[in-house]
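For reference, the structure discussed in these notes is given below.
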Amino acid sequence: MAIATPVIHFIETELTSIPVYQYAFFRPQDIVFHDGLRMFCKRSCRHYKTSWSCPPAVESVEKCTARCLSYEDGMIFSTIRTDLPRNLSGTMGGEQQPVSTAHEQVTGRIEAIMKRAGKAYYTLTGNVCTVCRQCSWPKESCRYPELMHPCIESHGISIAQLADQCGIDYYLEGESELQFSIIFLRDP
Ligand code: SF4
């Protein structure tokens, strides 16, 4: 891992105030990228062709892989779902208002930690973007590119496999459901 020990200490101290269930650091070169996950998106995911955060709107797996590998470190983390699976956004004066799920709020807080730690980052999350009630894809460009996180699987990354590699849970017993994000890190 390329992150200096004091930076890890800073990040871990900051994480204690955030409702993260588990997290782990990893090296991006240890990810096994699967081209075939795009076929799964196309055949099996109801979000295919519905969002800027999902295929075919995201770049090719080859370009996504290259982007992920351009970072020196990665962190995967999970939260326990506490809100509705689909977006909670509303409209005000006819305009779309961005609203984050609890998991996305945690993700945003962790991005802020990385910024304070002096790191450049690139973030993926384990679900379709839920910022707007109705995604603008494909008629207009993304309304909130600064809030939109592409889907992890769209980048050819198996969350289950990476969680297993990192020694963190993928499933929870009972009714609870885990949500995941990945943040890639490097020096600016
Ligand atoms: S921010 Fe809005 S327009 Fe952009 S991907 Fe998310 S839902 Fe779609």
- Rounded, prolate or oblate: which one fits segment 37-86, using the alpha carbon gyration tensor with axes a ≥ b ≥ c (rounded when a/c is under 1.5, else prolate when a/b beats b/c, else oblate)? oblate
- Task: Tally the DSSP beta bridges in the chain and give the antiparallel ones as a percent, rounded to 5.
- Result: 95
- Assuming R0 = 22 Å, what is the FRET efficiency of residue 50 and residue 187, from their Cβ-Cβ distance, to the nearest 0.05? 0.05
- Message: Shape verdict for segment 5-186, please, from the Cα gyration tensor: rounded (a/c under 1.5), prolate (a/b greater than b/c) or oblate.
- Response: rounded
- Roughly how many Å² is the accessible area per residue of the chain, as a whole number, for a 1.4 Å probe? 54
- Tell me, what is the percent relative contact order of the chain, built from C-alpha pairs under 8 Å that lie six or more residues apart? 33
- Note on the structure: Helix 102-116 sits off the longest principal axis of the Cα atoms of the chain, rounded to the nearest 10 on a 0 to 90 degree scale, by 50
- Task: Return the distance in nm (one decimal) between the two label points of a simple spin-label model at residue 9 and residue 169, each offset 7 Å from Cα along Cα→Cβ.
- Result: 3.0
- Count the lysine pairs in the chain whose Cα atoms sit under 28 Å apart, keeping only pairs 8 or more residues apart in sequence or on different chains. 7
- Using a basic spin-label model with each label point 7 Å from the Cα along Cα→Cβ, how many nm lie between residue 69 and residue 177? 3.4
- For residue 160, what charge total do you get from the other residues with a beta carbon under 13 Å from its beta carbon, if Lys and Arg give +1 and Asp and Glu give -1? -3
- Gap separating the Cα centres of segment 1-32 and segment 126-172, nearest whole Å: 19
- Item | Per-pair calculated FRET efficiency, R0 = 25 Å: residue 60 and residue 2 via Cβ, rounded to 0.05 | 0.40
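The values are calculated or read from the model by the stated rules, or taken from the named source; none is laboratory data. The shown structure was predicted, so the numbers you read here are calculated from the model rather than taken from an experiment. Cβ sites come from the backbone with ideal geometry, for glycine too, and all protein chains shown count toward neighbours. Ligands, DNA and RNA are stripped out before the accessible areas are found, and what is left, the full protein with its side chains, is counted by its heavy atoms. Shrake-Rupley method; radii C 1.70, N 1.55, O 1.52, S 1.80 Å.
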